[in-house]
Amino acid sequence: MEVDKKDEREAESSEQVVNPWEVSAKDGGKIDYDKLIDKFGCQRLDESLIDRVQRLTSRQPHVFLRRGVFFAHRDFNEILDAYENGDKFYLYTGRGPSSEALHLGHLIPFMFTKYLQEAFKVPLVIQLTDDEKCMWKNLSVEESQRLARENAKDIIACGFDVTKTFIFSDFDYVGGAFYKNMVRVAKCVTLNKAMGIFGFSGEDHIGKLSFPPVQAVPSFPSSFPHLFPGKDNLRCLIPCAIDQDPYFRMTRDVAPRLGYSKPALIESSFFPALQAKNGKMSASDPNSAIYVTDTAKDIKNKINRYAFSGGQDSVEKHKELGANLEVDIPVKYLSFFLEDDSELEHIKKEYGEGRMLTGEVKKRLTEVLTEMVERHRRARAAVTDEMVDAFMAVRPLPSMFE
């Protein structure tokens, strides 16, 4: 069994907590990703796999691959094997709509998924778990549904191909073949196993216990008969942050018992908060995050006031000792979003050796993020309700594998 007693716990210890609803490190420290890999039982994404992606797609690997943002996987090598043999796959990712606007951390899986869709020319399903947020965030059904459509506009603004993409909300779509697969999964997972994997307790309402199969079954092509008729053996690749891994450990354990292929995963690290106080940027603290709705002035103020610096206390000391790049948030953010590899290396070298000051690095980051957010805002403004309806329509995708 893939999920054993050791694996049935999140990376929860006295040092860090990582599960689908909470990410934190001891005393505000950093997340130990090697420990996560060991506890979760996934594999580190190595250079040979990244080189193989470039060879198979004839494209430069995405910056998130080149710089280790996506750093772990489950069976990604098998997806590449199948693709090289002429077998297609599909992508599945999602969003829990709990806020009006997305922050930059929310965009990362969608930016990367868009690259995968274009590079491999494969279809994509995007799940909006409005039911989950209704249960975990104490939102009304109606508010959860409204937020799902608002978040869909931000997702569409990332540039997905409507002829290869199906976006669905659980409240709208669950039923039929999808629900049948949910029941099949639910019958395979005992209460003890669910409590072990997800940390549920007797104080949690039964809606939470019932949710994991909902996130599991988009991994199975038979859940989408309008998209994949007769393709029940189609493999699925899930790009996601590593805190979502528990859902898919459970799914991979159950899949063979139902006659389905195990989904493969490619998993990212967390986008850190501006203050670097915990494992990831949080929508619950507006000053920890850069939002896609922030103005240029907002972005500048947040970076200058809150972005934790690894620079020294004085200019003289900084020129002598240089910056601590391991803790410097502006450098970390540039590592995510500055496309030019040579410019990034130049900044890290000059800043690390004290020839570039914190203010200069923050200024460059402000430029990069302002341009990125403005570009996203323009794209989102062009997304109409009719476009959302088109992405969410239950219809075949005619150019699915072209």
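Remarks
- Loop-located GluC sites (Glu not before Pro) across the stretch 289-350 with a Cβ neighbour count of 15 or fewer within 10 Å are E326, E339, with loop assigned by DSSP.
- Between I206 and V141, the simple spin-label model (points 7 angstrom out along Cα→Cβ) gives 1.7 nm.
- For R146, net neighbour charge (Lys/Arg +1, Asp/Glu -1) across residues whose Cβ lies under 10 Å away: -4
- Under 5 Å between amide hydrogens, built in the peptide plane, is the criterion, and for S169 it picks out L128 among residues at least 5 positions away or on other chains.
- Under 15 Å, Cβ to Cβ, from Q54 - net charge with Lys/Arg +1 and Asp/Glu -1: -1
- Among D130, D313, D389, residue whose mean-square fluctuation peaks in a GNM of the chain (springs only between Cα atoms under 10 Å): D313
- Per-residue Cβ neighbour rank within 10 angstrom, fewest leading, M400, M195: M195, M400
- A compact globular protein would have a Cα radius of gyration near 2.2 N^0.38 Å; the ratio found for the stretch 286-381 is 1.11.
- Distant-in-sequence amide contacts of A273, defined by a placed amide H-H separation under 5 Å and a gap of 5 or more residues or a different chain, comprise N278, K280, M281.
- Charged neighbours of P212, selected by a Cβ distance under 11 Å, balance to +2 (K, R count +1; D, E count -1).
- Bridge type composition, the chain - antiparallel percent by DSSP, nearest 5: 40 percent
- The lysines within cross-link reach of K348, meaning a Cα-to-Cα straight distance under 18 Å and a gap of 8 or more places when in the same chain, are K317, K319, K332, K362, K363.
- Exposure proxy order (Cβ contacts within 10 Å, fewest to most) of W136, W21: W21, W136
- Relative protection proxy for 200-209, 119-128, 39-48, from highest mean packing down: 119-128, 39-48, 200-209 (other beta-carbon atoms within 10 angstrom).
- For the stretch 209-253, the residue among P229, F211, I242 whose Cα projects farthest onto the positive side of the dipole built from Cβ charges is P229.
Laboratory data are not the source of any read-out in this text; all were calculated from the coordinates shown. Please read all numbers here as calculations on a predicted model, not as lab measurements. Note that we place each Cβ from the backbone using ideal geometry, even for glycine, and neighbour counts take in every protein chain shown.
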